[in-house]
Amino acid sequence: MTVSNPVPPADVLIVGAGIIGLAHAAEAVARGLSVHIIDRDTRAVGASIRNFGHCCVSAQSGELLELASAAREGWLRHSALAGFFAVESGALAVARNVQEVAVLEELSAVRGAGEVELVGAARVRQELSGSGDPAILGGALLHRDIRVDPREAVGRLAAWLATQPGVSFSWRTSYLGVADAGSSPEGPVTVRTSRGPVTASRAIVCVGHDLDWVHTELAEPFEVNRCALQMALVRPAAHTSIKRAVLTGTSMLRYPAFAETAAAAALRTELEARSPELLAIDANLMLTQRPDGTLLIGDSHHTETTQDPFLSEATSDTLMQAAQTLLGRNFEVLQRWQGIYASSPQQSFLIKELAPNVTAVSVTSGIGMTISFGLAQKTFAQF
Ligand SMILES: Cc1cc2nc3c(=O)[nH]c(=O)nc-3n(C[C@H](O)[C@H](O)[C@H](O)COP(=O)(O)OP(=O)(O)OC[C@H]3O[C@@H](n4cnc5c(N)ncnc54)[C@H](O)[C@@H]3O)c2cc1C
């Protein structure tokens with residue numbers, strides 16, 4: 001089979017059918033452009049289906065907060081169009097020491113209770129479906145956060161896109177590089193693929209953490225590496241209902257709106273003393289509940305260019321024990337897996353021209369779901 005290069009060539013060629021590629025395809029459709037999407041696999045199985053499905057809005061700051069706010073609207077709009085689960089659930093940040101309370105108080109003072117609402121221990125326990133760690137002191141409700149089911153959303157979005165006029169897909173088709181970037185800024189671009197050349201007016205390369213496999217010259221200067229995370233799917237006790245995405249103290253060291261508070265430094269010192277096992281695996285202890293009642297629990301972080309394929313049982317045990325303490329109850333582990341995202345110490349995302357009319361877009365931090373649709377708007381605004 002040769003690649004089904006649309007005739008005439010599409011306005012936009014998207015490489016990669018993860019959330020970043022599909023959000024760009026959706027933005028192109030919204031702008032009335034024709035789109036051809038290629039992916040090396042037969043369906044998306046990358047970071048976009050392995051995550052928590054958490055659009056983590058209120059914990060972002062600066063430009064990331066703007067992108068996340070735009071993405072929030074994009075998720076809700078496309079949930080309605082494509083028929084996938086998305087809920088304006090908000091998130092719950094649980095505080096189990098005075099330093100965590102101080103971080104949440106500081107953020108709430110800046111954002112206001114309408115966005116970051118402080119709540120007491122009883123409400124936190126109720127949000128965790130009863131029980132909960134006896135150490136819980138209180139928490140905050142982050143009202144703008146939303147959730148999707150990561151195992152459903154990207155597939156449904158791709159299926160919906162495939163029904164739109166002017167949209168076509170070529171699965172099991174690998175991008176191999178730019179063949180001809182055209183001689184004028186308006187000229188078409190031809191890329192090489194495993195099924196032959198494909199031409200379009202413009203190409204957007206969204207290959208996630210494999211950017212260095214196709215464009216090492218871009219990945220290396222930005223120190224783009226692979227960050228591997230360990231995750232688990234668990235079955236909680238019957239009738240466990242946790243509406244919000246749940247964040248903890250380790251999340252407060254990670255997401256910028258928390259980490260930029262004055263109180264965050266004391267929190268790091270506290271967690272280094274009380275929870276060294278979580279910092280040793282660079283944990284972000286958090287969970288979300290899928291529509292079928294199972295919980296997505298994670299995660300650890302390990303950054304390296306080439307990742308070992310082996311899951312560490314010790315890391316899993318640390319995460320599962322911490323989650324059981326948080327919930328105050330046991331659960332049954334159903335699945336474990338590794339997810340990988342692109343990571344750069346320099347910036348949270350890249351939008352870079354590779355050649356005339358060829359742009360690489362990669363989220364180089366763990367917030368691709370959060371900023372996806374907003375990032376796509378930003379990319380197109382630059383053309
Ligand atoms: C465990 C885990 C938890 C996370 N939790 C969250 C969260 O709750 N909220 C959040 O905002 N973010 C989260 N993230 C980050 C988020 O999942 C990623 O930032 C996002 O999914 C990246 O999307 P992507 O489309 O760039 O990559 P991917 O989903 O990996 O998609 C890339 C696609 O490109 C294709 N591809 C690669 N190379 C080629 C090639 N040469 N030719 C053709 N196709 C190619 C692949 O087949 C793949 O389908 C998490 C990540 C992980 C791993």
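The values are calculated or read from the model by the stated rules, or taken from the named source; none is laboratory data. Given the structure is predicted, the values throughout are model-derived calculations rather than measurements. Positions of Cβ are generated from backbone atoms using ideal geometry, with glycine treated the same way; all protein chains shown enter the neighbour counts. When the accessible area is computed, the model is the full protein with side chains, heavy atoms only, and any ligands, DNA or RNA have been set aside. Shrake-Rupley method; radii C 1.70, N 1.55, O 1.52, S 1.80 Å.
Carbon and sulfur atoms: what percent of the 1.4 Å accessible area of the stretch 180-243 do they account for?
54 percent
If each residue of separation counts as 0.36 nm, what is the full-extension length gain between Ala314 and Thr163 once their alpha-carbon separation is subtracted?
Values: separation 151, 0.36 × 151 = 54.36 nm, distance 4.52 nm.
Full-extension gain reported as 49.8 nm.
Convert each backbone phi in the stretch 261-272 into a coupling constant with the Karplus relation 6.51 cos²θ - 1.76 cosθ + 1.60 (shift: θ = phi - 60°), then list the ³J(HN,Hα) values in order as whole Hz, x for Gly and Pro.
6, 5, 6, 5, 5, 5, 5, 4, 4, 4, 5, 4
Could you give the length gained by full extension between Arg268 and Asp292, i.e. 0.36 nm per residue of separation minus their alpha carbon distance, to one decimal place?
5.1 nm
Just subtract the alpha-carbon distance of Ala109 and Lys243 from 0.36 nm times their residue separation and send over the number in nm, one decimal.
Stretched fully, the Ala109-Lys243 segment lengthens by 45.8 nm.
Compute the accessible area per residue over the chain, keeping the other protein chains in place, probe 1.4 Å, unit Å².
Dividing the accessible area of the chain by its residue count gives 40 Å².
What percentage of the solvent-accessible surface of the stretch 121-160, computed with a 1.4 Å probe over protein heavy atoms, is contributed by carbon and sulfur atoms?
Ligands and nucleic acids excluded, carbon and sulfur reach 52 percent.
Taking the simple approach of a point 7 Å from Cα along Cα-to-Cβ for both Val45 and Gln307, what is their distance in nm?
The modelled label-to-label distance comes out at 1.5 nm.
Using the charge dipole of the stretch 135-274 (Lys, Arg: +1 at Cβ; Asp, Glu: -1 at Cβ; taken about the Cα centre), state which of Val207, Ala259, Thr163 has its Cα farthest towards the positive end.
The residue sitting most towards the positive pole is Thr163.
Where the accessible area of the stretch 335-375 is counted over protein heavy atoms with a 1.4 Å probe, how much of it, in %, is carbon and sulfur?
43 percent
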